[in-house]
There are 6 protein chains.
Amino acid sequence: MITLNNTKYMDIKKINLDDLAKFISEIYMLKRNKREGFRLSGVDNPDSLTDHVAIAAQLAYIIGELEGLEGNKCAAIVLFHDNGEARITDQHKVAARYIDNKEAEQQAIAEQLNLLPESIKNKIANLNKEFESRSTPEGIVAKDADWLESALQAKIYSEQGYQNLENWIDNVSKALETQTAKIILEEIKKTGNFTTKWWQGLKKMTYEKIYKKS
Amino acid sequence: MITLNNTKYMDIKKINLDDLAKFISEIYMLKRNKREGFRLSGVDNPDSLTDHVAIAAQLAYIIGELEGLEGNKCAAIVLFHDNGEARITDQHKVAARYIDNKEAEQQAIAEQLNLLPESIKNKIANLNKEFESRSTPEGIVAKDADWLESALQAKIYSEQGYQNLENWIDNVSKALETQTAKIILEEIKKTGNFTTKWWQGLKKMTYEKIYKKS
Amino acid sequence: MITLNNTKYMDIKKINLDDLAKFISEIYMLKRNKREGFRLSGVDNPDSLTDHVAIAAQLAYIIGELEGLEGNKCAAIVLFHDNGEARITDQHKVAARYIDNKEAEQQAIAEQLNLLPESIKNKIANLNKEFESRSTPEGIVAKDADWLESALQAKIYSEQGYQNLENWIDNVSKALETQTAKIILEEIKKTGNFTTKWWQGLKKMTYEKIYKKS
Amino acid sequence: MITLNNTKYMDIKKINLDDLAKFISEIYMLKRNKREGFRLSGVDNPDSLTDHVAIAAQLAYIIGELEGLEGNKCAAIVLFHDNGEARITDQHKVAARYIDNKEAEQQAIAEQLNLLPESIKNKIANLNKEFESRSTPEGIVAKDADWLESALQAKIYSEQGYQNLENWIDNVSKALETQTAKIILEEIKKTGNFTTKWWQGLKKMTYEKIYKKS
Amino acid sequence: MITLNNTKYMDIKKINLDDLAKFISEIYMLKRNKREGFRLSGVDNPDSLTDHVAIAAQLAYIIGELEGLEGNKCAAIVLFHDNGEARITDQHKVAARYIDNKEAEQQAIAEQLNLLPESIKNKIANLNKEFESRSTPEGIVAKDADWLESALQAKIYSEQGYQNLENWIDNVSKALETQTAKIILEEIKKTGNFTTKWWQGLKKMTYEKIYKKS
Amino acid sequence: MITLNNTKYMDIKKINLDDLAKFISEIYMLKRNKREGFRLSGVDNPDSLTDHVAIAAQLAYIIGELEGLEGNKCAAIVLFHDNGEARITDQHKVAARYIDNKEAEQQAIAEQLNLLPESIKNKIANLNKEFESRSTPEGIVAKDADWLESALQAKIYSEQGYQNLENWIDNVSKALETQTAKIILEEIKKTGNFTTKWWQGLKKMTYEKIYKKS
């Protein structure tokens, strides 16, 4: 049996495995929970919270590196930032008019983290704190990435014909703090085909003509 | 205007924004690409690659920390590991019988990364290399997290009635390298209700009886 | 041009049509909003709020008539009871642990109803009040029908293999006030095939044998 | 144990519970049956019959009240009007060219209602008769609401890019009898964003700027 | 320009292209129309008519060849047999209790075929006739293949947990005429994992162990 | 017991039924596998391989007959042409840039066919050969039908608002060999409503006015 780091290794056998299994069971709920805000624009079955998180974390990495920060950490902050929504579901901006769920989300996160070993719990709690308070440059980047991902997904739905998503994009535009995220959004806002932009020129046609002049 | 890190800051205005927009456009394709292997067991519309990546990255963080490594880095390796599948789609183990796509995936990743500024490109390329070669402890953890996520999703589909997923779980069980991942999988394999385990005891009933004895 | 009731007729041309159109636009949101609680049991794309409302209103009619009340009124109470969720989305019982949304829902309903002509607004507001306070027999029936519908949909998901829905059914069982609803639930709980019970014996085979002894 | 109305109460224990359970089992089929007509315009997975019924019943209430009638009754007529389609499925207007299913629907409804206690059966049969014959003002309102709901859902699909739904809306426009329904349809036909009209101005932005001038 | 068969070639330029385009437009509707019967067993979004046709035609080819007939012709009969359902939708066996749609289907098919050039129209009309009347061995095989496909899809849904599909399989079992189809169905009925049977032993594991004894 | 062709009949009881059941189990996988290329244009849940095959086979029949060939055979070639994709999944044109899967597909097909009795295996292998090599007129027609089906489905997605599908249609336009297929595509490319073209004029309105002048 191998131990990857002999000195800092935590003995998995001494950990509360039942609690750890509960924590892991819970994060899979994020696949079933959907991005509620897109329903406002007519989307019947929007993408999942995990769809959002995976892309937002990549964006955080890139923005972070461009801003001269450590991408790994920026991405990690985003990675855990929506875990509370496993318990309280995703809240859109019309619901926000009626319910302030900030405290509830923090309480949900706190209870989730209690299922983890102390040291991991503290680290993730700190990542969450940086995200919520934006007290560190990495926290600012993470929040910008979170918003940017939403705006770009809104762009994709908008290109597909759904309504009033420019409004979403404009709100994100105002909220963004870093110049990097702002300029990326400006660049993409201008394109008419963000959905399909990436593969232009990459298709390889495989047919061969039999009758050349036909 | 704010620069988060004055010394290491990369000037977004000097970057090839068109290429960056292409890279970002491409990662959204991962939401539309699905986990093909689950179709083998009868799942008609499996979860997306981003669904998989977000959870696998969280698992990598946790396994990494338990193994005494830096969670941030383990998670970052997972975060980018499936990007090549935007171009070549997800390959299941029956397809693997006929096609060795390792090289193709590396070529796809190389071309994707060429769209990014040099320094970021090199960093992500290195993360990918650690994943593929498992030449570092973090690379080993990332691969284990990738496998573990699949096995646990297989558990969820299995609990829902889909077929022959124990076979998937057993294969992962053999492939895993770290004791941490192995024991987590053993723990969860035993449970009959991994899908719903997390919320047992958390529901708050809100009704009040009017007629106490009715 | 026809006026159906000459004496009580409200002149549609004197009504704020823009507000009325807004109200109607909003209720269509109930088709896009889903029954969030079923995600807890592993359902990825649960039925809509309107799916729930239509069946619950029929149940309210039936229970109401059995209880010696006017079915029409019982059904009408159910019909409007979830409109507030167009704005605040459906809340499940784990979320209820963290957020008390009662007041928010009432505020959302109040703002919605302000879009309607005074007399209609007051009538629907009263229906809502009877539902929330259960101060009338019809309000009690409506609430029972709302719960019963959820329990029976849970039965259907449960028969399909989803997990831990007996727990849902049991909670409804305890909450129900009317004997009628209780007994209906008891009756259906016992059946193993509630989903398909209705069409047993109704299929008409249309084939004719060509070779009688084959 | 409580009886809500001591004098008119029907003893649930004396009722044929097996038949009642069959009736209830059957109405859940309406969630699985879809609005077939929208497939003509390219919709692959249209909304359910219950989606339609819930909104049409609300519209019937509103139109009824505006026409000076009792909303409760207008809504109740709509509530049950599609039950026959549990057995014969929804028929679109191209199918209507080949099959006259009026009689079949009435026979299906009659057989369904035989599962209910006599008095409830008669009441619902009467509601159905008013709908089919439009022999009462409430029947006229109910039919108008049924049509109007379809036209407004067609508007929503049309705004999302599906084809030839104006044709649907125009046909409804000609069929409507009440001035109230006609004017509501005219009002909404003019809007370009019926899907999203309701929440304009309701979103509450929750971000706070860190760097005011950035 | 190439003509594949100089003597029998029909000049496409002399054909009514608008009518031909209509015929082709119509067959795409078969992708949007679903197998209604499976909803009876609780399936919310069943497979399409084209899903059914493609597999049934392959089965007809195989059964036909086993029965000593020309597979091509057997398959062709199945290929067109559901085209009428583009106009009248798929009818399940509960609906068949109330509506005899045989004549309607033939009328729909006749009108469709009028859009095709005379000679093709006659050929497809004859294929349809063989299917309906089972007046030829190939017609018998085609009908058996149609039924067998449904029974095997029912088996797949049944293995996934849906209800009362054995009933469907048994009815097909009685209706089948050819010994070939009967024995295939008997063989498959016995298996517990028809869904996943095909790939047993085909998966290629691609992992390599780093730490052999771990 | 009936034997449809006494002289050529193959005795089903002497056939390897387990292998035959595997072959049949495998073709049902084609329902779960999707047309991957459409994801490039933003389609989240594209149509299945069987959806494609059923329509392409009908097109092959029609093109074949118009070209003076036997429609039955042209259709049969298409019917089996995608079976290999049950094992290797559908490959789009971006993936084709990185992976040449021609050989893999032929190997997969060879292994599949080994499950069938010798004579049937040889016949289907020959149909596949004609498709791949286009060495016969029927093979040319089959390939054209395969391409044409994709282009017309692309047209339907394009009319629904998805992006960059003209590019797909143009590529097919260049690849097509037969004048018949080319002209059909040209005809349909010009229409703005290919999705709904077929039912124009076919709807039967069923309403009757009560108040003629209203």
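Every listed requirement among (1) more than 19 Å from the chain's Cα centre (by Cα); (2) within 14 Å of chain C (Cβ to nearest Cβ); (3) in a loop (DSSP other than H, G, I, E, B) is met by residue D:194 save one, (1). Number of residues in the range F:155-174 that are more than 14 Å from chain D (Cβ to nearest Cβ) and open to solvent by less than 30 Å² (accessible area, probe 1.4 Å) equals 4.
Whether a residue is touching a residue at least 24 places away in the same chain (Cβ under 8 Å) and within 13 Å of chain A (Cβ to nearest Cβ) was assessed, and residue F:140 passes this test. If you go through the range F:30-45 and pick out every residue that is more than 7 Å from chain E (Cβ to nearest Cβ) and free of Cβ contacts under 8 Å to residues at least 24 places away in the same chain, you end up with 3. Taking the listed residues E:21, E:86, the one that is buried (at least 24 other Cβ atoms within 10 Å of the Cβ), part of a helix (DSSP H, G or I) and within 12 Å of chain F (Cβ to nearest Cβ) is E:86, with no other qualifying.
In summary, residue F:136 fulfils each of the numbered conditions (1) surrounded by fewer than 20 Cβ atoms within 10 Å (Cβ to Cβ); (2) out of contact with any Asp or Glu (no Cβ under 6 Å at 6 or more places or on another chain) with the single exception of condition (2). I'd like to check something: does the range A:72-79 contain any residue that is open to solvent by less than 10 Å² (accessible area, probe 1.4 Å), in contact (Cβ under 8 Å) with a residue 24 or more places away in the chain and in contact with a Lys or Arg (Cβ under 8 Å, 6 or more places away or on another chain)? Scanning the range A:72-79, I find no residue that is open to solvent by less than 10 Å² (accessible area, probe 1.4 Å), in contact (Cβ under 8 Å) with a residue 24 or more places away in the chain and in contact with a Lys or Arg (Cβ under 8 Å, 6 or more places away or on another chain), so the answer is no. Output yes when any residue across the range F:52-65 is in contact (Cβ under 8 Å) with a residue 24 or more places away in the chain and open to solvent by 10 Å² or more (accessible area, probe 1.4 Å), and no when none is. There is no residue in the range F:52-65 that is in contact (Cβ under 8 Å) with a residue 24 or more places away in the chain and open to solvent by 10 Å² or more (accessible area, probe 1.4 Å).
Taking the condition at the interface with another protein chain (Cβ under 7 Å from one of its Cβ atoms) and in contact with a helix residue (DSSP H, G or I) (Cβ under 7 Å, 6 or more places away or on another chain), does residue C:207 pass? So residue C:207 fits the description; yes.
Yes or no, residue by residue, for (1) surrounded by fewer than 20 Cβ atoms within 10 Å (Cβ to Cβ); (2) in contact (Cβ under 8 Å) with a residue 40 or more places away in the chain:
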| residue | (1), (2) |
| --- | --- |
| E:104 | no, no |
| E:110 | yes, no |
| E:130 | no, yes |
| E:153 | no, yes |
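Within the range D:3-18, the set of residues being in a loop (DSSP other than H, G, I, E, B) and more than 7 Å from chain C (Cβ to nearest Cβ) comprises D:3, D:6, D:11, D:15, D:16. Within the range D:24-46, if we keep just the residues that are open to solvent by less than 10 Å² (accessible area, probe 1.4 Å) and outside any helix (DSSP H, G or I), the residue that is nearest to residue C:184 (Cα to Cα) turns out to be D:28. Tallying residues that are open to solvent by less than 70 Å² (accessible area, probe 1.4 Å) and at pLDDT below 95 within the range E:194-206 yields 1.
Just one of (1) within 13 Å of chain B (Cβ to nearest Cβ); (2) open to solvent by 20 Å² or more (accessible area, probe 1.4 Å) fails for residue C:118. It is (1).
Conditions tested, residue by residue: (1) of a type outside the set (Ser, Thr, Tyr); (2) modelled with pLDDT under 95.
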position: D:5; (1), (2): yes, yes
position: D:20; (1), (2): yes, no
position: D:41; (1), (2): no, no
position: D:53; (1), (2): yes, no
position: D:57; (1), (2): yes, no
position: D:87; (1), (2): yes, no
position: D:92; (1), (2): yes, no
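Here B:187, B:177 are screened, and the one residue that is in contact (Cβ under 8 Å) with a residue 24 or more places away in the chain and open to solvent by less than 40 Å² (accessible area, probe 1.4 Å) is B:177.
Restricting attention to the range F:107-157, the residues that are in a loop (DSSP other than H, G, I, E, B) and hydroxyl-bearing (Ser, Thr, Tyr) add up to 2.
The values are calculated or read from the model by the stated rules, or taken from the named source; none is laboratory data. Being a predicted model, the structure only gives us computed values, none of them experimental. All Cβ positions, glycine included, derive from the backbone under ideal geometry; neighbour counts span all protein chains shown. The protein model used for the area step is the full one, side chains on, heavy atoms only, and it has no ligands, DNA or RNA in it. Shrake-Rupley method; radii C 1.70, N 1.55, O 1.52, S 1.80 Å.
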